[in-house]
1. Pull up region 213-239, narrow it to residues that are among the small types (Gly, Ala, Ser) and touching a helix residue (DSSP H, G or I) at 6+ places or on another chain (Cβ under 7 Å), then point me to the one that is nearest to LEU339 (Cα to Cα).
2. Counting only residues that are modelled with pLDDT of 90 or more and under 29 Å from GLU33 (Cα atoms), give me the helices (runs of 4 or more DSSP H) lying completely in region 53-163 with at least 3 of them.
3. Identify, from the list ASP223, ASP193, the residue that is under 28 Å from ILE125 (Cβ atoms), assigned to a loop (DSSP other than H, G, I, E, B) and either in contact (Cβ under 8 Å) with a residue 24 or more places away in the chain or touching a Pro at 6+ places or on another chain (Cβ under 7 Å) (or both).
4. Hey, does region 407-416 have a residue that's aliphatic (A, V, I, L, M), touching a residue at least 40 places away in the same chain (Cβ under 8 Å), touching a Pro at 6+ places or on another chain (Cβ under 9 Å) and under 22 Å from PHE390 (Cα atoms)?
5. Could you give every pair whose Cβ atoms fall below 8 Å, whose first residue belongs to region 171-182 and is at pLDDT below 90, and whose second residue is outside any loop (DSSP other than H, G, I, E, B) and surrounded by fewer than 19 Cβ atoms within 10 Å (Cβ to Cβ), counting only separations of at least 6 or pairs across chains?
6. Look through region 240-294, keep the residues that are among the acidic types (Asp, Glu) and surrounded by 18 or more Cβ atoms within 10 Å (Cβ to Cβ), and return whichever of them is modelled with the lowest pLDDT.
7. So which residues in region 33-86 are in contact with a Phe, Trp or Tyr (Cβ under 6 Å, 6 or more places away or on another chain), within 19 Å of ALA399 (Cα to Cα) and of a type outside the set (Gly, Ala, Ser)?
8. What tally of residues in region 310-334 results from selecting those that are touching a residue at least 60 places away in the same chain (Cβ under 8 Å), under 20 Å from PHE179 (Cβ atoms) and surrounded by fewer than 15 Cβ atoms within 10 Å (Cβ to Cβ)?
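The values are calculated or read from the model by the stated rules, or taken from the named source; none is laboratory data. Being a predicted model, the structure only gives us computed values, none of them experimental. Here Cβ is always computed from backbone atoms with ideal geometry, including for glycine, and neighbour counts include all displayed protein chains.
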Amino acid sequence: MTILLGLLGLSLVVIVHELGHFLAARALGVEVEAFSIGWGPKLLGFMHKGTEWRLSAFPIGGFCRMKGEEGFKKALDEGLTTLPAEKGSFYGVSPWRRIVILFAGPIANVILAIVLFTVVSLAGISVHTAPNRIVLVSESGLSSTSGKNPADLAGLQSGDRILSVDGKQVRDYSDLQEFIGLNPGSKLALVVDRGGKNMGIQVTPRLDKESGQGFIGIYAWIDPFVASVEPGGAADLAGVKAGDIITSLAGQSITKNIDLLAALKSLPERTELGIRRNGDNLKLNLVLSYEKGGESNLGIAFAGITRVDRASSLPEALISGVNESWKTLAMTIKSVGLLFSGVDILKAVSGPARITYYVGNTANESLKSGGLSGLPTILSFLAFLSISLFFMNLLPIPALDGGQVVLSLAEAARRKPLKTKTIYRYQFAGMAMMAAIFIVVTLGDILFFVGK
């Protein structure tokens, strides 16, 4: 199901991209020979207005094949000086028309993202998160690293509430994660509530080279109030009930969820769990089992907070859709820039297999946990992916739309067709670059799926 949903989601984004090329090509006098949903052998198809519409075997995106796209191969085979420019072909129209056709695919992705973000804003999206109160990683009992984190160096303390970052309100821990994650290396001005008094603190997030995001060394402070208990889990068998407050484990005081995780690091098999229920303090016998990595699932969900972001009108939703698309584009550009800052590319960059998994997993988990109410999360993820496709396709790399735009601009500047040899050299260098990128991201995907 994860793979199927992933392929469907990824295909939607790619097909909209190709549809943008198709509409622009038809409008500007370029014949479209085939439009396929999927790749590989044709399963079925029909002709309509000179275009063969296909459904192909492999449901991975699709393609729009314009007349004359094979001109480069023909020029090489026949030793032609320039590419053939037949009437109605891609190379038979002016460079400026080609540029419009090339931009139409990425622009279609932007439009799709705005529409999806607008729908999400109208429907409302639930964000499950924690309060804006923090715990220092260095004081959590979970950190095995030495040295000070940015939060320690800045003077933050466990129990602080972060009220704003650079003048922008922090509603909850989700907002805080976004501000910190997107700004590695940037000095952030925080307003902190400490014991009822507000104070200003400056902190500079450090770059996490595995994820490509900023971090300062904090966890969310979540009170140990039990919101739900998984039937048949260790906590359920011990007698824990929703509404209980966990107060101790093996004699260690528990004031927040991190304390419980730290107490479990000693891997006890049988231990005593202290709880408070309706004002009474109780002791329960807890029997634990551990996974291969040393984690133990007690079967407890602690009470967090759920924020619902929803627009009150269509104009407000549309503005939100545009703003969210712009913010996502800015984040994508910044993320690409971080690739040159020493991040671990094998972990920070995803290839087609991992992207398909992420799309499918997001869809699957959202539908399982929320049914149809999980759809906004899926649509939001697809909008994010659509913006990423817009930007990546406009990079000046041959085989991508951006590379073809560069060639068309060069031809427009020369006012005469480019020589086949010039295009060949450019394409060869670009394909070598694409092959290197493909090898790296595929290796990263393989390592991801084997748990490395």
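1. In this case the residue turns out to be GLY214.
2. 95-123
3. One residue alone meets the criteria, ASP223.
4. First, pick out the residues of region 407-416 that are aliphatic (A, V, I, L, M): 407, 409-410, 412-413.
Still in the running and touching a residue at least 40 places away in the same chain (Cβ under 8 Å): 409, 412.
Adding the requirement that they be touching a Pro at 6+ places or on another chain (Cβ under 9 Å) leaves 409, 412.
Retained after the next criterion (residues that are under 22 Å from PHE390 (Cα atoms)): 409.
Yes, because at least one residue in region 407-416 is aliphatic (A, V, I, L, M), touching a residue at least 40 places away in the same chain (Cβ under 8 Å), touching a Pro at 6+ places or on another chain (Cβ under 9 Å) and under 22 Å from PHE390 (Cα atoms).
5. GLY181/PHE215; LEU182/MET331; LEU182/LYS334
6. Step by step, filter region 240-294, then rank; the result is ASP259.
7. PHE35, TRP39, ILE60, CYS64, MET66, GLU69, LEU83
8. Residues flagged as touching a residue at least 60 places away in the same chain (Cβ under 8 Å), under 20 Å from PHE179 (Cβ atoms) and surrounded by fewer than 15 Cβ atoms within 10 Å (Cβ to Cβ) within region 310-334 amount to 1.
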